[in-house]
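In what follows, a structure is listed as structure tokens, so that the remarks can point back to it.
The values are calculated or read from the model by the stated rules, or taken from the named source; none is laboratory data. Values in this document were obtained by computation on a predicted structure and should not be read as measured data. FYI the Cβ positions are ideal-geometry reconstructions off the backbone, even for glycines, and counts take in every protein chain you see. Just the protein is used for accessible areas: all its heavy atoms, side chains included, with ligands, DNA and RNA removed. Shrake-Rupley method; radii C 1.70, N 1.55, O 1.52, S 1.80 Å.
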There are 4 protein chains.
Amino acid sequence: MKAIFLIHCPDQGGIISSVTNFIHKAGGNITYLDQHVDEEAGVFFMRLEVEFSKGTQPMGMVEERFDKEIASTYDMQWSMHLSTTRPKMALFVSKYNHCLYDLLIRYSTGELKADIPMIISNHDTLRPIADQFEIPYYFIPVSRETKEEAENKQLQLLREKEVDFVVLARYMQIVTPRLIKEYPNKIINIHHSFLPAFAGAKPYHAAFSRGVKIIGATSHYVTEELDAGPIIEQDITRVSHVHKVNDFIDKGRDLEKLVLSRAVQLHVNRKTMVYNNKTVIFT
Amino acid sequence: MKAIFLIHCPDQGGIISSVTNFIHKAGGNITYLDQHVDEEAGVFFMRLEVEFSKGTQPMGMVEERFDKEIASTYDMQWSMHLSTTRPKMALFVSKYNHCLYDLLIRYSTGELKADIPMIISNHDTLRPIADQFEIPYYFIPVSRETKEEAENKQLQLLREKEVDFVVLARYMQIVTPRLIKEYPNKIINIHHSFLPAFAGAKPYHAAFSRGVKIIGATSHYVTEELDAGPIIEQDITRVSHVHKVNDFIDKGRDLEKLVLSRAVQLHVNRKTMVYNNKTVIFT
Amino acid sequence: MKAIFLIHCPDQGGIISSVTNFIHKAGGNITYLDQHVDEEAGVFFMRLEVEFSKGTQPMGMVEERFDKEIASTYDMQWSMHLSTTRPKMALFVSKYNHCLYDLLIRYSTGELKADIPMIISNHDTLRPIADQFEIPYYFIPVSRETKEEAENKQLQLLREKEVDFVVLARYMQIVTPRLIKEYPNKIINIHHSFLPAFAGAKPYHAAFSRGVKIIGATSHYVTEELDAGPIIEQDITRVSHVHKVNDFIDKGRDLEKLVLSRAVQLHVNRKTMVYNNKTVIFT
Amino acid sequence: MKAIFLIHCPDQGGIISSVTNFIHKAGGNITYLDQHVDEEAGVFFMRLEVEFSKGTQPMGMVEERFDKEIASTYDMQWSMHLSTTRPKMALFVSKYNHCLYDLLIRYSTGELKADIPMIISNHDTLRPIADQFEIPYYFIPVSRETKEEAENKQLQLLREKEVDFVVLARYMQIVTPRLIKEYPNKIINIHHSFLPAFAGAKPYHAAFSRGVKIIGATSHYVTEELDAGPIIEQDITRVSHVHKVNDFIDKGRDLEKLVLSRAVQLHVNRKTMVYNNKTVIFT
């Protein structure tokens, strides 16, 4: 059985040695270890993949002992994830279908190792795609008046299905602080610009008007400040004077799909950690 | 003899036909033609490379006739550049040597087809490099008190040597409106960020603090608004959480060199036109 | 009505002037012109987009006159394409679904301006996807014994539906000289390597074994020599020692999709010309 | 004092734990640890950066104890490098100056932390550049008749100055098996193509003739088989039908410089390990 450990704590000597010793004695074989020290902040980060052979103790006991013997000593914040557990992901969409399609295809081919118990939308437009892939689709209209009620419905659905994280696949609504509080660093957004350039609405129009030679897309965790959360992944593509706004939008779609799906994969594979509004992205 | 024509005028039917007819009758062979229509602004842009065989009329007469017969009809702004004329370029530097070295090496190998009558600096630091390449170096200190006097000296030098355009190769001073007015769209700057993100001072520090996954560099013509002039060229490189500010600066140096030298080459080869604070970049 | 002209002929003086004059007199407004001279081969290439206003003569007559007055004078090979005519594209697939999905989504959103009268496959695996998008699916098994019979069926279908060009969207069979002869420079393949490196079978395995740091994908027109036809588009992605063959394959899928769809778009938009086993790709 | 450990050995359980324990007990603080398992080959690779505080035992003793207590147990091949020791690098050049300039500038600014006791060339052309940077320049002509004698002189110089590794900065001669044997995985070459495509002579001409849309450069360790050694770094740039062979060469120069200098930096910073004709490149 494979387990992934994500750890961060105040930096100090001996951590790696203590952790790897513990794993070794617990019958685990480390197949991957990566660590990072943020020297400015004095914080140590580590990601481990460990293969536990069958005859070993129950994983619950490993967790308990690790917490007592190691984590408490070094004041760690940590989590352990078994490869047998697939995280549950909710998709929020509006009318654009490209990111939705892209994620559903990766899901259907098994490339994306998450479950998708629901798609939530403020429009009924993309229901046929949900049907194609046999994912439950919930149409929850959002207007200024119904915003709170809509949010209640969303939260209820997310709780019912024990959703682990949310992906805003070009969802054209600002999510509320309540949802963000319930899913801290667990809501992934795709913004169609090279943040921090062109935050906010209509980034392709703004990029066109500035005359840039490169456009980008940015996937980030959602925080209360709009388009200012920890960046997970970015990518770019070249444009020139021959491209109009619509060409930016066309080229941008491919960028958005790729950048969002890479970010989702990183999250699903437990390769992201957040600290001080930045991410550590393990390889 | 090769001549390059750069033309822009209000868009209307028949321009290409009229221009190419004129060239053909004047004994020229068009070896390159590229055109662009900015449909929003209703402006037509064209770049032509023309080979005139020897027996033909003097180029001065071609210019005069083109102006009378074609340019005035279509209300053109235009220029003709002979391949025998190398533009004169002044380099402004402070203490960083990487962009200066890069341009001087391209100059010395003949890759950059411009003359460099002077390097002007507000420090004496880089004089030895100027000496290596045998370029006159003028040390003109700039302080708040001497700013106007320094500018007078700069302008006098530029005029004396009939400098055509100015390259700010990491010159750490803001150039004055007077200089900009004398060299409109003829001062090329390199900014060490992916503009419009991180305009102003210390862009690498700002990028690091925001936790971006990609950094960039931007070369643009200088206008009165800081870091807001028409963009000529941009490029980017990936960074990650393992990189500190100093790594950003190291990686950025290579970007800055390449982006600035590409922009300078485009300018020297008459491949740039400016309109509405944007550039048309011909291939 | 918009028409696209594609022209190539022996290089000589006066071609652009003659062509643009003709267009102007025929009541056309040139909205795009790009030309290229292959100096080694002495060949001139040109692509024009022309807007003909309503009151003008029938397009058939324009074609006839152009052929008589211009094309014959300059010994041109040329074609004219009306923007009202969508080319008909046949998709050949085997078991991989990613390129198929990608093209069908672009088709369904209107981004890809072609008709798709058929999907032909040597397996029945991907029929459900064809059904999702309501495209006729023909399962034509291919074995060594049935190869000729299968080819007959394929050709019959292509002719019946008047297919203009064929896209091999990871079709795992070598197409026969007969098909190639019937569709010269009209069969587009995607090869999952950075050609000419790793031509032939299993390129990801070969790339892995060589220890490359970058993998690629190449879309090209199919000629009789395997993986050696004119290259339309290529792109790459970085890999490292941490990636196994399966990671190459995963990363490669995204590359293959993008590179193939870009090549198909270039072909559909009449932006490709072939000469001497190379392509001219207009912007 | 900072020390870098490079280790590889047959993969087995407990290695990381044993090594990190040893370091911890020896008074070292691990500031960087990266490891890799080549599962196919069953080989474990590790790179450590360790800060030893002043009061600790002499480093020679640490080395001796590590060898006895750890390395022998796990059958390790390993090396320890002190950050106080700068490797000695010899540059071999012919007539091209761009890679030479690039490395010397990085050396002179302190970005490249190696010493350069000599430049060896089969031509006298680049001596003035060596003089600019005050590096000894040895002109050793090579012809078919004098090849062995020339090699003797080269080897003698390399030994005299205790050179650690050799960089072929566009050296246009094939180095001999004798030199390769003396510097196994310690001779770095830059090849001006995207290997394995276009190995051998005149790769830009071959790429042009094939009509590729992307050209590349590859830096690799030199082995006896030409252009087939372990790849350290590759990069690419786009080309199109408008570019002639000379444009490929111009664009290639910038690629070659960057790729070679990145490879040299990786080697100098002890971030490369070689196994089975491939490299492990640590971050």
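Can you give the net charge of the other residues whose Cβ lies under 9 Å from the Cβ of B:Phe165, counting K and R as +1 and D and E as -1?
Once positives and negatives cancel, what remains is +1.
Within a 10 angstrom radius of each residue's Cβ in B:227-239, how many Cβ atoms of other chains show up on average? Whole number is fine.
Values: counts 0, 1, 1, 2, 5, 2, 2, 6, 4, 7, 0, 3, 1.
If you average over the peptide's residues, the count of other-chain Cβ atoms is 3.
For peptide B:12-25, what's the mean number of Cβ atoms from other chains within 10 Å of each residue's Cβ?
Across B:12-25, the average partner-chain Cβ count within 10 Å equals 6.
Need one number: % antiparallel among DSSP beta bridges in the range B:1-149, to the nearest 5.
On the way: 25 of 33 bridges.
Beta bridges within the range B:1-149, antiparallel portion: roughly 75 percent.
Using +1 at the Cβ of each Lys and Arg and -1 at the Cβ of each Asp and Glu in the range A:2-82, identify which of A:Ala26, A:Cys9, A:Tyr74 lies farthest towards the dipole's positive end.
The listed residue farthest towards the positive side: A:Ala26.
Would you mind telling me the share, in percent, of accessible area of chain B contributed by carbon and sulfur at probe 1.4 angstrom?
Its accessible area is 49 percent carbon and sulfur atoms.
Taking both sides together, what accessible area is buried at the D/B interface, probe 1.4 Å, expressed in Å² and rounded to the nearest 100?
Chains D and B together bury roughly 1200 Å² of accessible area.
Once you have a ≥ b ≥ c as the square roots of the Cα gyration tensor eigenvalues for chain A, tell me rounded if a/c is under 1.5, and otherwise prolate or oblate according to whether a/b is larger than b/c.
Prolate is the answer for chain A, as a/c is 1.5 or above and a/b outweighs b/c.
Take the alpha carbon atoms of the range A:143-207, find their center, do the same for the range C:197-266, and report the distance between the two centers in whole angstrom.
36 Å
Run through the range C:4-106 and list the GluC sites (Glu not before Pro) located in a DSSP loop whose Cβ has at most 13 other Cβ atoms within 10 Å. Each step should come with its number before you reach the end.
Working: sites: C:Glu39, C:Glu40, C:Glu49, C:Glu51, C:Glu63, C:Glu64, C:Glu69; in loops: C:Glu39, C:Glu40.
Counting only loop positions with at most 13 other Cβ atoms within 10 Å, the GluC sites (Glu not before Pro) in the range C:4-106 are C:Glu39, C:Glu40.
Name all residues of the range D:3-30 having a backbone nitrogen under 13 Å from the label point set 7 Å from the Cα of D:Glu63 along its Cα→Cβ direction, giving them as ranges.
Within reach of a label on D:Glu63: D:3-6.
Once you list every other residue whose beta carbon is under 10 Å from the beta carbon of C:Ala199, what net charge do they have if Lys and Arg are +1 and Asp and Glu are -1?
Every neighbour counted, the sum reads -2.
Return the calculated 222 nm mean residue ellipticity for chain B, to the nearest 500 deg cm²/dmol, obtained by summing -39500 (n - 2.57) across DSSP H runs with n ≥ 4 and dividing by the residue count.
Using -39500 (n - 2.57) per qualifying helix, the result is -9500 deg cm²/dmol.
What shape does the range C:74-149 take by its C-alpha gyration tensor, where a ≥ b ≥ c are the square roots of the eigenvalues and a/c under 1.5 counts as rounded, a/b above b/c as prolate, and the rest as oblate?
Cα axes put the range C:74-149 in the oblate bin.
For the range D:159-259, give the share of DSSP beta bridges that are antiparallel, in percent and rounded to the nearest 5; count only bridges with both residues there. Can you show the working numbers first?
On the way: 11 of 14 bridges.
So the antiparallel bridges amount to about 80 percent of the total.
What is the local net charge at D:Lys244, summed over the other residues whose Cβ is closer than 12 Å to its Cβ (Lys, Arg +1; Asp, Glu -1)?
Around D:Lys244, the charge tally is -4.
Using DSSP, restrict attention to beta bridges with both residues in chain A and report what percent are antiparallel, rounded to the nearest 5.
75 percent
Quick one: if the Förster radius is 51 Å, what FRET efficiency do C:Ile249 and B:Ala199 give, using the C-beta to C-beta distance and rounding to 0.05? Mind showing how you got there, number by number?
On the way: r = 42 Å, r/R0 = 0.83.
It comes out at approximately 0.75.
Once Lys and Arg get +1 and Asp and Glu get -1 on their Cβ, which of B:Ile105, B:Ile119, B:Phe139 lies farthest toward the positive end of the dipole of the range B:88-281?
Comparing the listed Cα positions along the dipole, B:Ile105 ranks first.
Measuring from label point to label point, each 7 Å out along Cα→Cβ, what is the D:Thr84 to D:Glu162 span in nm?
Taking the two extended label points, one gets 1.4 nm.
At 1.4 Å probe radius, can you tell me the per residue accessible area of chain C in Å²?
Values: 11700 Å² over 283 residues.
Counting only protein heavy atoms, the per-residue value for chain C is 41 Å².
Starting from the Cα gyration tensor of the range A:2-82, take the square roots of the eigenvalues, sort them a ≥ b ≥ c, and report rounded, prolate or oblate (rounded when a/c is under 1.5, otherwise prolate if a/b is larger than b/c, else oblate). The partial results should precede the final answer.
Details: a/c = 2.13, a/b = 1.73, b/c = 1.23.
Here the range A:2-82 falls in the prolate category.
For the range D:14-73 and the range C:9-35, what is the centre-to-centre distance using only Cα atoms, to the nearest Å?
72 Å
Roughly how many debye, to the nearest 20, is the charge dipole of the protein assembly as shown about its Cα centre, given +1 on each Lys and Arg Cβ, -1 on each Asp and Glu Cβ, and no other charges?
So the magnitude is around 0 debye.
Explain nothing, just the number: relative contact order of the range D:88-281, from Cα pairs under 8 Å at least 6 residues apart, as a whole percent.
Across the range D:88-281, relative contact order equals 19 percent.
In peptide A:32-39, what is the residue-averaged number of other protein chain Cβ atoms found within 10 Å of each Cβ?
Other-chain Cβ atoms within 10 Å of each residue's Cβ, averaged: 5.
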